[in-house]
Amino acid sequence: MKLLVTGATGLLGRSLMRELEGYGRFTVIGTAFTRARAPLTRLDLTDAAAVSEYITAVTPDVIVHTAAERRPDVSQKDPEKTIALNVTATGTLASAARKIGAFFLYMSTDYVFDGTAPPYSPESPVNPLNLYGKSKLGGEKAVWDETPDAAVLRVPILYGEVETLEESPVTMIAKTIMEAAAARSRITIEDWAVRYPTHVDEVARVIREIVLRRAAHPEFNGTFHWSALEPYTKYKMAKAMAPFVGVSEEFISSEDGPPLGAPRPKDSHLDCSLLLSLGFENTVTFAESIEGILKPFLTADRW
Ligand SMILES: NC(=O)c1ccc[n+]([C@@H]2O[C@H](COP(=O)([O-])OP(=O)(O)OC[C@H]3O[C@@H](n4cnc5c(N)ncnc54)[C@H](OP(=O)(O)O)[C@@H]3O)[C@@H](O)[C@H]2O)c1
């Protein structure tokens, strides 16, 4: 089976490439944009003609579309660029997939919900609060406009092996508290929005299992949710990470109330019972995995 991953240089895409290649039974091809290096193909997904030509030439059996503008504050400031990638390019890819009979799996977000009535099942009413959430929901609609025979996988805030601490909002918290402690100043961290930080390696495994399930059951399609089980605010993530980065809790204070910037849902907890009922398992916890992710960024004197 030939699998194509878009966004192969991204936080999730890198993990997904490792997972799919490591499985040993797929031919895996990746595309990316500014960070694309061989063997990845550089393909601007907003170039519709280039995308159609590429998909027709490569003819994958499955396309996993992870590429997106996923930063809510950046999206809010540049709606045109965000919509071109998150909505229009998703429609172009889904259309190209339909034409060659490829199974299309689109990565979406818990930010399609407004966070007022958790937990959310795949059928719960959507009501995104910010441009990013609206654009990802627009991407979902673009998929369903092309074909009902596809999959949408919604996930919450992701963390995993990062190239820089700034790459993920989760590891960015660690950087913030380390800098505050180095300057001997207190830092206030938001304790309002409830999030479910989910490891990209687990999402990658779930995607592989969806692909295999689809291969065994050609009618397997629809919207799915996957999330870690433990609730954390950014403040609680900071407290959990503090010992691993050598920061005393005395430097960290909590702040109630929504964060500044693009509006965020208060609690968009995803109900994953559908995939759990099919035997998919939660195996990774934040408390156990975050230390290994932070370790490469610690200076020797912190150990
Ligand atoms: N990260 C989260 O917390 C989170 C939470 C919920 C849902 N999601 C969803 O999960 C998916 C993966 O997120 P992520 O965190 O892995 O994203 P990411 O790290 O920001 O990676 C984005 C990817 O998109 C590619 N890309 C950007 N513009 C492109 C263009 N014009 N043409 C082609 N490729 C382009 C980037 O390629 P280059 O870097 O090579 O330019 C990169 O590979 C996204 O669909 C996102 O909406 C993420």
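The values are calculated or read from the model by the stated rules, or taken from the named source; none is laboratory data. Source: prediction; values computed, not measured. Note: ideal-geometry Cβ built from the backbone for every residue, glycine included; neighbour counts use all protein chains shown. We work out accessible area using only protein heavy atoms, side chains counted, and drop any ligands, DNA or RNA first. Shrake-Rupley method; radii C 1.70, N 1.55, O 1.52, S 1.80 Å.
GNM on the chain, alpha-carbon springs under 10 angstrom: the most fluctuating residue among Met237, Met178, Met107 is Met178.
Quick one: with all protein chains in place, what share of the accessible area of the chain is carbon or sulfur, to the nearest percent (1.4 Å probe)? Roughly 53 percent of what the probe reaches on the chain is carbon or sulfur. Here the Gaussian network model covers the chain, with springs between Cα atoms less than 10 Å apart; of Phe26, Phe280, Phe224, Phe26 fluctuates the most.
Roughly how big is region 197-264's charge dipole about its Cα centre, with Cβ charges of +1 (Lys, Arg) and -1 (Asp, Glu), in debye to the nearest 20?
Numbers: 8 positive and 9 negative charges, 62 e Å.
Here the size comes out at about 300 debye.
Centre-to-centre, using Cα atoms only, region 43-73 and region 149-186 are separated by 26 Å. When both bridge partners sit in the chain, DSSP labels roughly 5% of those beta bridges antiparallel.
Express the accessible area of region 149-206 per residue in Å², computed with a 1.4 Å probe while the remaining protein chains stay in the model.
Working: 1930 Å² over 58 residues.
On a per-residue basis, 33 Å².
For the chain, the longest principal axis of the alpha carbon atoms and the long axis of helix 131-146 meet at an angle near 20°. At a Förster radius of 30 Å, what calculated FRET efficiency corresponds to the Cβ-Cβ distance of Ser121 and Thr56, to the nearest 0.05? With R0 = 30 Å, the Cβ-Cβ based efficiency is 0.25.
Starting from the residue with the highest accessible area, list Leu212, Leu276, Leu12, Leu260 in decreasing order, probe 1.4 Å. Please list the in-between numbers first.
Values: Leu212 45, Leu276 75, Leu12 15, Leu260 165 Å².
Accessible-area ranking of Leu212, Leu276, Leu12, Leu260, largest first: Leu260, Leu276, Leu212, Leu12.
Could you compute the FRET efficiency for Lys2 and Glu167, with r as their C-beta to C-beta distance and R0 at 35 Å, rounded to 0.05?
Numbers: r = 29 Å, r/R0 = 0.82.
The computed FRET efficiency comes out at 0.75.
The label-point distance for Lys77 and Asp271, in a model that sets each label 7 Å from Cα toward Cβ, rounds to 3.8 nm.
The length gained by stretching the chain between Glu255 and Arg37 to full extension, at 0.36 nm per residue less their Cα-Cα distance, is 74.3 nm. Ranking Pro231, Met178, Tyr196 by Cα position along the charge dipole of the chain, where only Lys, Arg, Asp and Glu carry charges on their C-beta atoms, puts Met178 farthest toward the positive end. Close amide H contacts of Phe224 (hydrogens built in the peptide plane, cut-off under 5 Å, sequence separation of 5 or more or a different chain): Val152, Leu153, Arg154. For the pair Leu212 and Arg186, the difference between a 0.36 nm per residue extended length and the Cα-Cα distance amounts to 4.5 nm. Rounded to the nearest 20, the size of the Cβ-charge dipole of region 142-181 about its Cα centre is 240 debye, with Lys and Arg at +1 and Asp and Glu at -1. Largest GNM mean-square fluctuation among Ala183, Ala150, Ala242, using the chain with Cα springs under 10 Å: Ala183. Counting only alpha carbon atoms, the long axis of helix 169-182 and the longest principal axis of the chain meet at about 20°. Over the chain, dividing the summed -39,500 (n - 2.57) contributions of all DSSP H runs of at least 4 residues by the number of residues returns a 222 nm mean residue ellipticity of -11500 deg cm²/dmol.
When we measure straight from the Cα of Lys134, which lysines land under 17 angstrom away, once same-chain ones fewer than 8 places off are left out? Leaving aside lysines fewer than 8 places away in the same chain, those within reach of Lys134 are Lys77, Lys81, Lys266. Exposed loop positions in the chain were taken to be GluC sites (Glu not before Pro) whose DSSP state is not H, G, I, E or B and which have at most 10 other beta-carbon atoms within 10 angstrom. Between these positions, the longest stretch is 1-122.
From the protein chains alone at 1.4 Å, what is the descending order of accessible area for Asp145, Asp114, largest first? Show your work: numbers first, answer last.
Details: Asp145 130, Asp114 35 Å².
Of Asp145, Asp114, the descending order of accessible area is Asp145, Asp114.
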